[in-house]
1. Look through region A:262-279, keep the residues that are in contact (Cβ under 8 Å) with a residue 24 or more places away in the chain and over 23 Å from residue A:99 (Cβ atoms), and return whichever of them is nearest to the other protein chains (Cβ to nearest Cβ).
2. Among the numbered criteria (1) in the same structural domain as residue B:233 (by TED's automatic domain parsing); (2) assigned to a helix (DSSP H, G or I), which single criterion is violated by residue B:15?
3. All but one of (1) farther than 30 Å from residue B:262 by Cβ; (2) modelled with pLDDT under 90; (3) within 14 Å of another protein chain (Cβ to nearest Cβ) hold for residue A:117; state the number of the condition that does not hold.
4. Considering A:273, A:302, A:289, A:293, which residue is more than 30 Å from residue A:260 (Cβ to Cβ) and either in contact with a strand residue (DSSP E or B) (Cβ under 9 Å, 6 or more places away or on another chain) or surrounded by 13 or more Cβ atoms within 10 Å (Cβ to Cβ) (or both)?
5. If I go through region A:280-312 residue by residue, how many of them are closer than 29 Å to residue A:56 by Cβ and either more than 12 Å from chain B (Cβ to nearest Cβ) or free of Cβ contacts under 8 Å to residues at least 12 places away in the same chain (or both)?
6. Is it true that some residue in region A:248-269 is over 30 Å from residue A:152 (Cα atoms) and at pLDDT 85 or above?
7. Under 8 Å by Cβ, and 6 or more places apart or on different chains, what pairs join a residue from region B:1-30 that is over 29 Å from residue B:251 (Cα atoms) and within 7 Å of another protein chain (Cβ to nearest Cβ) with one that is at pLDDT below 95 and assigned to a helix (DSSP H, G or I)?
8. Any idea which of A:94, A:90 is away from chain B (no Cβ under 14 Å), surrounded by fewer than 17 Cβ atoms within 10 Å (Cβ to Cβ), closer than 19 Å to residue A:183 by Cβ and modelled with pLDDT of 90 or more?
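The values are calculated or read from the model by the stated rules, or taken from the named source; none is laboratory data. Values in this document were obtained by computation on a predicted structure and should not be read as measured data. Because the Cβ atoms are built from the backbone with ideal geometry, glycine has one as well, and the counts that use them run over all protein chains shown.
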C-alpha cells in the first residue's frame, strides 16, 4: 500500500537504479554485450596489427632493434621496382586461382561420379577426403618423397621407362605447378563433400520431370544440376580462392620458395624477408599488398558468383 | 543394345572409381614403404619392405621428443577449441537474432576478417606478441589462434541460429524466461549438431597449424607436432626413413578421430558450406 502511494506521489522516482539495470537487461540491446569478447579479440589481434602494419611499412625497422626511422614510401617504391615482387605475385595467383579451378572441377566430377550408386563408393570418398586431416606441412614432405631427385618415386618410374631422371622441383615454374597440384590433392576432398551435399539437396522431381521430357544426361547436368548447385559452388570457390592465395605450409616443405625465389608466394616471401632478410618494413609493405590482393579477389569473386545464383 | 551400353557405362564408372582410389592412395603407400625400411635399404620406394623395420618409429619418438610435442598440441588444441566455441557462440546469438543496422555492421566486420590472412599481419602481430611477452607461451598462442578462427565460428553459428524459428524465443519470453535464459536453456541445446562441426573444423586447423606455431612457439619445450617434424626433416635429410616414420605417427591421432567420427567431418563442412 505504502509503496503504491509513494510511487503515485512521485512517479519520477519509479526509475531507480535497480529498475533501470533490470529494464536494460530485459531489452534485446543488452544481448549485444555478448559479442564484446569477440570484438576485443579482433581489436587486439587483428585490427591493431593491421594499423601497426601500415605504420611499420613506412619505416626501415629491421624486426628486432629498438631504433628505426620513418622512410615514407621508400619500401613501397622498393617493392614495386623489385622484380621478385612481380614473380611472387604471379606465383601467388597461380597457387590461389589454379588450385581453386582444379579443386572445383575435380571435386565436382568426383562428386557426380561418387553420387551414383556404386559399390564401395564410401571407401573411395573416405580416401579422397583423408588428406584433409593431415597437416599440410607433412603432406608437402610426403610428396617430396615422390618428387625428390635422388630415389624419388616418380624418377623410379622414369628410370623404369628408360628415361633420364628429372629434377622435378628444381625448375621454378614446374615447382609452382607441382605445389598447386599437391594443394589440390590435399583439399579437393572438401570441394567433393560440399558438392555431394549440394547434389543430394536437389529435388529428385526436377530431374525426373526433365527425363520424362526426354532430356539427355548432359542437358540435365547443365540446365538443372549446375544452376541449383550455384550456392555450393559460390562458397567452395570463394573459400578456395582465399585459402589458396594464403598458401604457405606446402611451399615451405616442398621447395622452401626455391630454387632461388622461383616458387615463393607472398606469404613465404614475407616470412623470409622478416626473419632471414631482417627487413620488417619491406615485409610489412608486402603484407599490405597481399591484404589488398586477397580482399579484391575474395570480394569480387563473391559478388560475381552471388549474381549467378538462382532461387528455387 | 541399350543394355550393353548401360553395362559398359557402369563398368566405366567402376574403373574410374578404382583409378581414383589408387591414385589417392599412392602417396600414403610410398610413405608407409619408406617408414618401414632401414636406412641402408636402397630398393625402390614402390617395392614394399621385406621385413617391417620398427626401430624407425621408436627412434623418431625419442629423438624428436614427439611425446611432449603431442602433449603441447593437445593442450593448445583443447584450450583453443573451448575458447573459440564459447566466445563464438556468444557473439553469434545477438548478431543472428537482432539484425539491427549496427549489429549487421558488426557482423560484416567480423566476417570480413576471414579474408585477413594471418601472414599479412605477421610483422605487427609478431611484434605485439613479443611486446606482451607472449612468445613461446600457451596463452598467447591460444588467444591468437582463437582470434583467427573466430570469424569461421561466428559465420557457422549465425548461419545455424538464423534457421531456428524466432517463435521459439517469443514463446519462451511470454513464459517468463529472460533473454539470457532463452539463450542458455533453449537455443544453446539446439546447437549441438553445428557445435560438433565447429569443434571438428577448428580442431583440425589448430592441431595441424604450422604458420602460427613457427613464429610464436620458439622454445623447444612448447613446440607442437608439425613444427617438431618440420625441424626433423631439415636436420635429418640423410635419414628419411626416420622422418617418414615420424610423419606417419603424427597422422594417427587425427586419423583415428576421423575414422570414428567420419559423419561429423563430412556433414559439418557440407552444411556450413551449403547453408552459408
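1. Selected residue: A:274.
2. The failed condition is (1).
3. Going through (1) farther than 30 Å from residue B:262 by Cβ; (2) modelled with pLDDT under 90; (3) within 14 Å of another protein chain (Cβ to nearest Cβ) one by one, residue A:117 breaks only (1).
4. Details: A:273 fails: more than 30 Å from residue A:260 (Cβ to Cβ); A:289 fails: more than 30 Å from residue A:260 (Cβ to Cβ); A:293 fails: more than 30 Å from residue A:260 (Cβ to Cβ).
Result: A:302 is the single residue among A:273, A:302, A:289, A:293 that is more than 30 Å from residue A:260 (Cβ to Cβ) and either in contact with a strand residue (DSSP E or B) (Cβ under 9 Å, 6 or more places away or on another chain) or surrounded by 13 or more Cβ atoms within 10 Å (Cβ to Cβ) (or both).
5. Residues that pass the stated criteria total 5.
6. Taking region A:248-269 first, the residues over 30 Å from residue A:152 (Cα atoms) are none.
No, the conditions are met nowhere in region A:248-269.
7. As it stands, the answer is B:13/A:113, since those pairs meet every condition given.
8. A:90
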